[in-house]
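Below is one structure, written out as structure tokens, with a few remarks after it.
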Amino acid sequence: MTSGLDHTVRLSRPADFLAIVPYMLGFYPDRSIVAMAFEPAAPDSTARGLRFSVRFDLPDRSEDTPDLARHFADLLTRNGTERAMLIGYGPGWHVTPVIDAVRGALSEAGIDTIDALRVEDGRYWSYMCPDPDCCSPDGVPYDAGTNPAAAAAVFAGYVARPDRAALTAMLAPAGGQDREQVRAATREACGQARALLAAGGDHDWYHEGLDHVTTALDRTQAGQELSADEVAWLSVRLSAIFVRDAAMTLIGRYDDDTHIRLWTQLTRRVEPDFAAPPAALLAFLALRTGDGPLARVAVERALSVDPRYSLAHLIRTALDCGLPPETVCGMDFAGMADEIADKAAQCPDGARPVLPVGW
């Protein structure tokens, strides 16, 4: 689920809605169904604010369509939606049964469908407009690139990538010389960590880890890239669950964009075996800021490394249930700092690195 744009963009024609969708999702959808959910109009206005959008792949099997339709209706109902725009991307044989099922499920849930469109090859068809002069049986051509709504989204800083694969590629492991340097630094950091773990004693893993995260956020906020050694040690520190959780208590001390840039950089640059913690942290920040597509691909990245990674599973459940960003924004992260520090002191094993097999 993706939250609404935080800038005023007037949407009045079908072409306007189609132009804004890629910027809401972060990529141009294909073989997808999208619902744009609108909040009730204010008492003194007919305008309705776009609350969020949600996208799902079109089901491969027709027998899965009723479940998808019910899921759409449940998700929109839980989030207080009164009206929605439906857009299906793909050929008619694939889109039409899904649109029909979702419209029916929304109607049963008391949600009004503003319009239902199908999009393919630069044209759209309306399932609800009977006027051939307005909505030709041959489809209505549109150009999202020249639409004022798209221009407003670009001006506001939104980006639409060519497809979902391009979004996923943002988190793919970095290569080249940086990969070689980070790999060597990670081997060295793991060796030192293993020696400290074997020596026992009162090594303060928790506060050293928190200091590493704070320094990384400071450098990211200043526009500086982390060195290979910093990336390596951060990956080792974050393998400790309490250090990872401590990183979340810094939300609010730094702006969300700084967190997203840091965890994106780390997800790409750490050795792949260490990517689950930064990817899960990135997913959490994306969920918090309403960037559902980024949260989804970050969760997938984390689970591809560790299929049992619990934080990633929790975030995926939140995404599947349509948890609104406001819920996450209302959490008192700073207030958790003392509690996590106390737990780290009482259970020091949770603050010690857990190195992946082979490291």
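The values are calculated or read from the model by the stated rules, or taken from the named source; none is laboratory data. Model, not experiment: these values are computed from the prediction. All Cβ positions, even for glycine, are placed from backbone atoms using ideal geometry, and neighbour counts span all protein chains on display. Note: accessible area is taken over every heavy atom of the protein model, side chains too, but ligands, DNA and RNA are not part of it. Shrake-Rupley method; radii C 1.70, N 1.55, O 1.52, S 1.80 Å.
Can you tell me which residues in segment 265-287 are under 23 Å from Glu326 (Cβ atoms) and either surrounded by fewer than 21 Cβ atoms within 10 Å (Cβ to Cβ) or of a type in the set (A, V, I, L, M) (or both)? Hits for segment 265-287 are Ala280, Leu281, Leu282, Ala283, Leu285, Ala286, Leu287. Of all residues in segment 289-304, those satisfying the criterion of being buried (at least 20 other Cβ atoms within 10 Å of the Cβ) and assigned to a helix (DSSP H, G or I) are Gly292, Pro293, Leu294, Ala295, Arg296, Val297, Ala298, Val299, Arg301, Ala302.
Pairs are defined by a Cβ separation below 7 Å, a sequence spacing of at least 6 or placement on different chains, a first member in segment 88-107 that is on the phi < 0 side of the Ramachandran plot, and a second member that is among the polar types (S, T, N, Q) and open to solvent by 10 Å² or more (accessible area, probe 1.4 Å); the pairs so defined are Pro97/Ser62; Pro97/Thr65; Val98/Thr65; Ala101/Thr65; Arg103/Thr113; Leu106/Thr113. Cβ separations smaller than 6 Å between residues 6+ apart or across chains give the following pairs from segment 320-335 residues that are at positive phi to residues that are of a type outside the set (Asp, Glu) and open to solvent by less than 60 Å² (accessible area, probe 1.4 Å): Gly322/Met1; Gly322/Leu75; Gly322/Asn79. Cys190 meets each of the listed conditions (1) over 16 Å from Phe242 (Cα atoms); (2) open to solvent by 60 Å² or more (accessible area, probe 1.4 Å) apart from (2).
For segment 249-271, taking the residues that are in a helix (DSSP H, G or I) and over 28 Å from Phe56 (Cβ atoms), the one that is nearest to the chain's Cα centre (by Cα) is identified as Arg261. Scanning segment 138-176 for residues that are aliphatic (A, V, I, L, M), open to solvent by 60 Å² or more (accessible area, probe 1.4 Å) and touching an Asp or Glu at 6+ places or on another chain (Cβ under 7 Å) yields a count of 0. Looking across segment 325-355, the residues that are open to solvent by less than 30 Å² (accessible area, probe 1.4 Å) and part of a loop (DSSP other than H, G, I, E, B) come down to Phe333, Pro353. Within segment 216-233, is even one residue under 16 Å from Asp273 (Cβ atoms), open to solvent by less than 60 Å² (accessible area, probe 1.4 Å), polar (S, T, N, Q) and in a helix (DSSP H, G or I)? No, there is no match, as no residue in segment 216-233 is under 16 Å from Asp273 (Cβ atoms), open to solvent by less than 60 Å² (accessible area, probe 1.4 Å), polar (S, T, N, Q) and in a helix (DSSP H, G or I).
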